[in-house]
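Worksheet: one structure, shown below.
All of the numbers you see were taken from the coordinates with simple rules; none came from a lab. Here the structure is a predicted model, which means the values were calculated and not measured. With ideal geometry, Cβ positions are generated from the backbone for all residues, glycine too; neighbour counts draw on all protein chains shown.
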Amino acid sequence: MSMRNILSSFTGKKAGRAFLLPAVIILLALTIFPFLFSLFLTFGKVSFLGGLQINYAGLKNWIRLFGDERFYNALSNTVLIAVIAVASEYVLGLGLVLLLSTKVKGSTFFRVLFFLPMMLTPIAVGYMWRMMFNPTRGVIDHVLPLLGLPVVGWLTEPKIVLYSIILTDIWQWTPFMILILFAGFQSIPPALLEAAKVDGASGWRLFREIIFPLLIPASVAAILLRTIEVLKIVDKIYILTGGGPGIYSESMTLFGYSLGLRAFDLAYGATIAFSLFATVLAISIIFLLITRRSQEITLE
Amino acid sequence: MFKKTGKSKLLKEAAVIMLCAAVMLVGTLGSSLALAEKRFEGVEITVFTQTPPFIAKPVQMFRADWERETGGKVRLITAPWGELYPKMFSSFALGAKNYDIIIFPAAYLADFASNEFLAPLDSFIARDPKIDWGDILPVYREKISTYAGTIYAVTMDGDSHMFYYRRDAIENPEHQAKFKAKYGYDLAPPKTWVEVRDIAEFFNGWDWDGDGRKEYGVVEGMRKGAQGFWTFFSRSAAYTSIPGQAQGLFFDPETMKPLINDPGHVRALEDWIEMIEFGVPGMINMDNGEVRSVYAAGEAAMAIDWGDVGVVSDTDPGSTVKGKVGYSILPGTTKAWDYVKKSWVDFPGVNHAPYLAFGGWIGAIDAKSDNVEAAYDFLSFLGSPENSYICVTTPNTGFNPYRKSHFEKLAGWYGYGFVHPEDYLGAIEATIAHSNVQPDIRIPGAFRYFEALDAQLAMALAGAKTAKQALDGAAKEWEAITEDLGKEKQLKNYRASLGLPIE
């Protein structure tokens, strides 16, 4: 059979499948296999004696996880950071989009300025804020006494440290909300807004009944993407506090990194990683269900 | 005439022949010498270590010289600190042969050597006069680079914690008078941790150096996930180590029971928690890198660190304390907990137990490497007395002195920028050569134990747990780790690491 005949036999669905095959193989090798292997690790005990050995350990790692005070601490820290940071970023982002959408002089300049923090790496942001939060040499604690305010242990006070981390996250990622919401705002037909204004809709009513409902799809996407990202937060915390003081700022990913890669307890590290995956999945599904329901109500 | 001419011609011919012979001989010798020197022509060795500058810099400094001399090639691969252990371990365990040489923290040696990942180096060292093995100080030669009686690594760095104090603060007569009036004894470089506490309290929160800014008592690395647990052991070693007794710092060498919650450790942790009050604000979030810069900025009277505070204070152009720093062995205690008798032992003088925190960086060879000869040759070149002296007296190499010759030649230290190198080197030598010096933990899973302890220490420092609660928690976790790794095996490893009979 000549090459031409072989090629000509690959037509229609067959050819489609053949062309998809390399991509499927790469996906299986690089994504699905590591995912399933990590899942398998959560039920195993890893030993490197005489080569890599993984023995079945049943639910041992999961039982250990659910009895581990550090797990609950890391979970609650992570969820708290996600809820407050994403909510604040959304509210601020939405407000700034409304401001930027007005024909104010220099709005293009401010648009670029607002996007700058998002372009920095989280490690650089971590170091920058760590310097600013420094109690003896940082700019913030230098300025506070000049204003008659007390010096704050931004990264050393257990009750404050999470809010300091949230502040840095809001500073860096509010621009992301602006970016998505601004794109959503731009897609609202100007005629619709003009018509509403002609019908006598004021600023607040215009926002509540026209702009906000039309921004819901963009809002859902922005909030969901940010929530998934914040739930995996590690880099800024690693630089700012290392999870301290104590374990008051330890996030799930940092907890998993400490146990899995610093202590090299791979099976337990994988279990922590999967518990985070389950958390992200559950929160995403709940969020999508709620927003779908609210969209249905709005349409009704 | 003929005779004369013939003789002259003969002489000329003989001279030409001899010249040719000489040229040929020199050529032959030269080419054979060249062949001998280019003994690793075409061989490429891969070195894996920490991201530059620290630790990788010496490889960068000397690889071109070695390549020129041997014809070999050195490929340098680096990774950040946190990725060193997993990458090294997985390469060895999976037989990937990713690296011929690893330059790594001595704390990993037991993990690697007990799993037979590393090539034994005894025979190489025995026939290598260039490395001058006897010049390396015994504690590094016999303990840090050795596991169960076999040499697995070439010492590259000497690491131990030492104590720093501000001479100008302590030697000030006005301060001395005020201190005596308040505490009832003379202000002097502290000999015990109790004195450290008093001096830290005395110098905390006022401008004692007249620079118009407030200074503080002490600066120590306490940050979670950094090097705080080493500072803790530096403080607890003297409370738990009795001269002549098998190490009481980590485990009971008879039973493998953790000793981490013994009263000696609890007392040390209580002392350490109290230091937060007398320390530079934010000390709880400082790693040792920040300790160095804070101390060099003149913010604290005392500090605990490896040799680096000394280096930064005297050689960094931004330092405000150049020439003002005093160095000493770690302070001690007047009592220590006897883990065998389960009681406190009082000492008539001071019990010092300097601690070889971390133990330094060492270089070893993958047992499965295809280029063991060339790899050893490069390690020997890098760690030779001459090259290692350049390393320990060059900024940003991260290497501290570990050879007798490093302490004897002061010229390089003055050239480095030290004002009182004899004091600096004297304190290091006193630490390393001390009869009660305590090596770091060197058993498989060392960093699992450290990680568990680190989290508990952080909770105690943050006030979430008492010292006792935190160390009880650490002991519980240490027992679980030991069980997980195999108690019998860990006991054998621990005894081997201490040089005790295994059976």
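Remarks
- The order of A:V234, B:V340, B:V280, B:V47, going from fewest to most other C-beta atoms within 10 Å of their C-beta, is B:V340, A:V234, B:V47, B:V280.
- Charge dipole magnitude, Cβ of K and R +1, D and E -1 - the stretch B:423-503, Cα centre, debye nearest 20: 180 debye
- Neighbouring partner chain Cβ atoms per residue of B:456-466, average, 10 Å criterion: 4
- Range in chain A, longest, excluding exposed trypsin sites (Lys or Arg not before Pro) [loop by DSSP; at most 12 other beta-carbon atoms within 10 Å]: A:160-300
- For the stretch B:454-477 and the stretch B:113-177, distance of Cα centres in Å: 31 Å
- In chain A, the calculated helix contribution to ellipticity at 222 nm averages -22500 deg cm²/dmol per residue, counting -39,500 (n - 2.57) for every DSSP H run with n ≥ 4.
- Mean separation of Cα contacts under 8 Å, 6 or more apart, over the residue count of chain B: relative contact order %: 23 percent
- Value of relative contact order over the stretch B:449-503, rounded to a whole percent, pairs C-alpha under 8 Å and six or more apart: 27 percent
- When B:R235, B:R167, B:R75 are arranged by Cβ crowding within 10 Å, least crowded first, meaning fewest neighbours, the order is B:R75, B:R167, B:R235.
- Inter-part distance where the stretch A:153-212 and the stretch B:369-440 are each reduced to a Cα centre, Å: 59 Å
- Student exercise, chain B dipole from Lys, Arg, Asp, Glu Cβ charges, in Debye to nearest 20: 1620 debye
- Take each residue in A:130-141, count the other chain C-beta atoms within 10 Å of its C-beta, and the mean is 3.
- Pairs of Cα atoms farther than 52 Å apart, the protein assembly as shown, %: 27 percent
- q = 0.13, 0.14, 0.19, 0.23 Å⁻¹, the stretch A:80-162: log10 I(q)/I(0) [Debye, one scatterer per Cα]: -0.64, -0.73, -1.08, -1.12
- Going from the fewest other Cβ atoms within 10 Å to the most, the residues A:S275, A:S202 appear in the order A:S202, A:S275.
- Shielding value for A:261-270 is 5, the average number of Cβ atoms from other chains within 10 Å of each residue's Cβ.
- Our summary gives the stretch B:349-503 a relative contact order of 23 percent, counting only alpha carbon pairs under 8 angstrom and 6 or more residues apart.
- In straight-distance terms, cross-link reach from B:K476 covers every one of the lysines whose alpha-carbon lies under 27 Å from its own, apart from those fewer than eight places away in the same chain; here that gives A:K45, A:K60, B:K224, B:K257, B:K335, B:K341, B:K342, B:K465, B:K468, B:K487, B:K489, B:K492.
- Rg then Dmax, both in Å and based on the Cα atoms of chain B: 27.0, 113.
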